[in-house]
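Asker: Dumping the structure here so I can ask a few things about it.
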Amino acid sequence: MGGTLALTACGGGGGHGDDKAASSTASQKPSSTSSSDSAGSSDSPSPETSKAAQSKSDADAAKQASDAKITITPKSGSTGASIHNNTKVTVAGGTLTSVTMTAKATGKAVAGTISADRTSWRPDAALARGTQYAVTATATDSKARSATAQSTFATVSTADSFIGYFTPEDGSTVGVGMPVSINFDKSIVNKAAVQRAITVQSSSGQQVVGHWFSSTRLDLRPQTYWKAGSHVSLTLKLDGVRGASGVYGVQDKTVNFDVGRSQVSTVDTKTHEMTVTRDGKVIKTIPISAGGQDHTTYNGQMVIEEKLQTTRMNGATVGFTDDDGKGEYDIPDVPHAMRLSNSGTFIHGNYWGDKSIFGSVNTSHGCIGLSDTKGGKDATTPAAWFYANSMLGDVVTVVNSPDKTIQPDNGLNGWNMSWSQWVSGSAL
């Protein structure tokens, strides 16, 4: 169903609060008037004559009417329209000659494509939320008679919809530990409905189960790390799915990523050594310095979620301050930094510490330090090598630290839950 207009009629039937299509038909008929010198004059046509003239006028107008019937969906006046699958223009009894669509507030044109047979048109990409759009379409029939239709509608508002921000990115290659993690911009009440609309499939055939860490975060992973070399697809069929009262999803998207080689590096805080294992074989052993006695490093399996060639680290941002309130440390150019937790755990290059600490003593505020040079330009340092040979999704496992095991939701670290604990957090 949709707004259907013929000839040069504009703007279909009104509507509100509904993004579903409806149909209406409008036409304009030329008026027939007669005049006389005075009412009731004997020169005035009889009712029978007037009726005949009107019928002839109607017949003439019908001959000029185009057989092309244009339908624009959503209908004019609609609100809450989908940003994905709802917008389209179709024609019956003719072919489309042009379609224009613009955002009313800015006048910005929306790119779209007319089908090869010129009977339909759709936008090339998703629309914006909370935006009013205007569509004008023209078509001709087999006798070159033209028809025009218009529609003005508004998409679903930001307040009435939700989206999920996901990792990893589409088209990326990641390590075997990378889960699919989705953070929603609204609290989800109907978790089962939302989880059903999200599927993750791997070419490895591994079963993938979702776990809700909160009302806004859903992670999905297999029981064990992804199989190296597998291909994974994430499908979000959330458009129109009710997440909470009056709040609906708007996404209709498929995300693909590949799993690279398997690399798991084990940091032993007692031996001050990291063993890098790739595809089951040890390829390198690197001296490290972990968290000191007062600021120990978390134990557990941690996934590299961010890589920074250089970054600033200030203790004040993670609660390490002196009496004056300033950070216990403030290093503006930490090289080869890779994030392992949301709370500030990194594995990174260290150029300010004496070279003797690596492999012998733990001195950091909880991070894992590797020997490096200021500026990180020396490719032969342990930190430079590890940075160059790591990817997002690789696993760094810390053992033998006096600290506790990292919380599963602190970063992408759900591997620290048993499978039964993980499955218990599913809404299905």
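Asker: Checking the conditions here, which among 337, 379 is loosely packed, with under 14 Cβ neighbours inside 10 Å, modelled with pLDDT of 95 or more and in contact with a helix residue (DSSP H, G or I) (Cβ under 9 Å, 6 or more places away or on another chain)?
Answerer: Going through 337, 379 in turn, the sole match is 379.
Asker: Among 260, 327, which is the only one that is small (Gly, Ala, Ser), modelled with pLDDT of 95 or more and open to solvent by less than 50 Å² (accessible area, probe 1.4 Å)?
Answerer: Residue meeting the stated conditions: 260.
Asker: I'm checking my understanding of the structure. Among residues of segment 263-293 that are of a type in the set (Ser, Thr, Tyr) and open to solvent by 50 Å² or more (accessible area, probe 1.4 Å), which one is nearest to residue 401 (Cα to Cα)?
Answerer: So, considering only residues that are of a type in the set (Ser, Thr, Tyr) and open to solvent by 50 Å² or more (accessible area, probe 1.4 Å), the one nearest to residue 401 (Cα to Cα) is 271.
Asker: Which number in (1) modelled with pLDDT under 95; (2) over 30 Å from residue 158 (Cα atoms) marks the one condition that residue 240 misses?
Answerer: (2)
Asker: Give just the number: which of (1) open to solvent by less than 40 Å² (accessible area, probe 1.4 Å); (2) in contact (Cβ under 8 Å) with a residue 40 or more places away in the chain does residue 112 not satisfy?
Answerer: (2)
Asker: Which residues, counting only those in segment 127-144, are more than 15 Å from residue 157 (Cβ to Cβ) and surrounded by 17 or more Cβ atoms within 10 Å (Cβ to Cβ)?
Answerer: Across segment 127-144, the qualifying residues are 134, 135, 136, 137, 138, 139, 140, 141.
Asker: Additional query: Based on what the data block shows, is residue 311 in a strand (DSSP E or B) and at pLDDT 95 or above?
Answerer: For residue 311, the condition - in a strand (DSSP E or B) and at pLDDT 95 or above - is met.
Asker: Can you tell me how many residues within segment 205-227 are assigned to a strand (DSSP E or B) and open to solvent by 30 Å² or more (accessible area, probe 1.4 Å)?
Answerer: The qualifying residues number 3.
Asker: With respect to residue 167, is the statement that it is buried (at least 16 other Cβ atoms within 10 Å of the Cβ) and either within 25 Å of residue 306 (Cβ to Cβ) or out of contact with any Ser or Thr (no Cβ under 9 Å at 6 or more places or on another chain) (or both) true?
Answerer: yes
Asker: I would also like to ask the following. Of the residues that sit in segment 393-413 and are of a type outside the set (A, V, I, L, M) and open to solvent by 30 Å² or more (accessible area, probe 1.4 Å), which one is nearest to residue 217 (Cα to Cα)?
Answerer: Of everything passing the filter in segment 393-413, 409 is nearest to residue 217 (Cα to Cα).
Asker: Contact list please: Cβ distance under 8 Å, first residue in segment 194-208 and closer than 14 Å to residue 178 by Cβ, second residue open to solvent by 60 Å² or more (accessible area, probe 1.4 Å) and modelled with pLDDT of 95 or more, pairs at least six apart or on different chains.
Answerer: From segment 194-208, the pairs are 202/227; 202/231; 204/227; 206/223; 206/224; 206/227; 208/201.
Asker: While we're here: Give 245, 202 a once-over and let me know the one that is surrounded by fewer than 16 Cβ atoms within 10 Å (Cβ to Cβ) and out of contact with any helix residue (DSSP H, G or I) (no Cβ under 7 Å at 6 or more places or on another chain).
Answerer: After applying the criteria, what remains is 245.
Asker: Which condition breaks for residue 152 when tested against (1) touching a residue at least 60 places away in the same chain (Cβ under 8 Å); (2) farther than 23 Å from residue 83 by Cα?
Answerer: (2)
Asker: Check residue 298 against each of (1) in contact with a Ser or Thr (Cβ under 7 Å, 6 or more places away or on another chain); (2) farther than 30 Å from residue 257 by Cβ; (3) hydroxyl-bearing (Ser, Thr, Tyr) and name the one condition it does not meet.
Answerer: Checking residue 298 against (1) in contact with a Ser or Thr (Cβ under 7 Å, 6 or more places away or on another chain); (2) farther than 30 Å from residue 257 by Cβ; (3) hydroxyl-bearing (Ser, Thr, Tyr), the one that fails is (2).
Asker: Here is a further query. State which residue pairs qualify: first residue over 11 Å from residue 70 (Cα atoms) and inside segment 132-148, second residue of a type in the set (A, V, I, L, M) and open to solvent by 50 Å² or more (accessible area, probe 1.4 Å) in any location, beta carbons under 9 Å apart, and separation of 6 or more residues or different chains.
Answerer: Here the result reads 132/105, each pair linking segment 132-148 to a residue that is of a type in the set (A, V, I, L, M) and open to solvent by 50 Å² or more (accessible area, probe 1.4 Å).
Asker: Which residue pairs have Cβ atoms closer than 9 Å, lie 6 or more positions apart in sequence or on different chains, and pair a first residue in segment 292-320 that is under 27 Å from residue 176 (Cα atoms) with a second residue that is open to solvent by 60 Å² or more (accessible area, probe 1.4 Å) and polar (S, T, N, Q)?
Answerer: 298/405; 298/407; 299/400; 299/405; 300/405; 300/407; 301/405; 305/342
Asker: While we're here: Is it the case that some residue within segment 345-354 is open to solvent by 20 Å² or more (accessible area, probe 1.4 Å), closer than 18 Å to residue 398 by Cα and touching a helix residue (DSSP H, G or I) at 6+ places or on another chain (Cβ under 9 Å)?
Answerer: no
Asker: Kindly indicate whether any position in segment 386-407 is part of a loop (DSSP other than H, G, I, E, B) and of a type in the set (Phe, Trp, Tyr). Write out each step before concluding.
Answerer: As a first pass, look at segment 386-407 and keep what is part of a loop (DSSP other than H, G, I, E, B): 389-394, 400-404, 406-407.
With the extra rule that they be of a type in the set (Phe, Trp, Tyr), the set shrinks to none.
No: zero hits.
Asker: Only one of these is open to solvent by less than 60 Å² (accessible area, probe 1.4 Å) and either modelled with pLDDT under 95 or in contact with a Cys (Cβ under 6 Å, 6 or more places away or on another chain) (or both): 320, 358. Name it.
Answerer: Selected residue: 320, the only one of 320, 358 that is open to solvent by less than 60 Å² (accessible area, probe 1.4 Å) and either modelled with pLDDT under 95 or in contact with a Cys (Cβ under 6 Å, 6 or more places away or on another chain) (or both).
Asker: Let me ask something additional. Show me the strands (runs of 3 or more DSSP E) entirely contained within segment 228-267 in which 1 or more residues are of a type outside the set (A, V, I, L, M) and farther than 17 Å from residue 82 by Cβ. Spell out the reasoning first.
Answerer: Numbers: elements: 231-237, 242-244, 247-249, 252-259.
Result: 231-237, 252-259.
Asker: Here's something else I'd like to know. Are any residues in segment 336-393 polar (S, T, N, Q) and over 27 Å from residue 181 (Cβ atoms), and if so, which ones?
Answerer: 350, 356, 360, 362, 363, 371, 373, 380, 381
The values are calculated or read from the model by the stated rules, or taken from the named source; none is laboratory data. Here the structure is a predicted model, which means the values were calculated and not measured. Because the Cβ atoms are built from the backbone with ideal geometry, glycine has one as well, and the counts that use them run over all protein chains shown. Heads up: the accessible areas ignore ligands, DNA and RNA and are worked out on the full protein's heavy atoms, side chains in. Shrake-Rupley method; radii C 1.70, N 1.55, O 1.52, S 1.80 Å.
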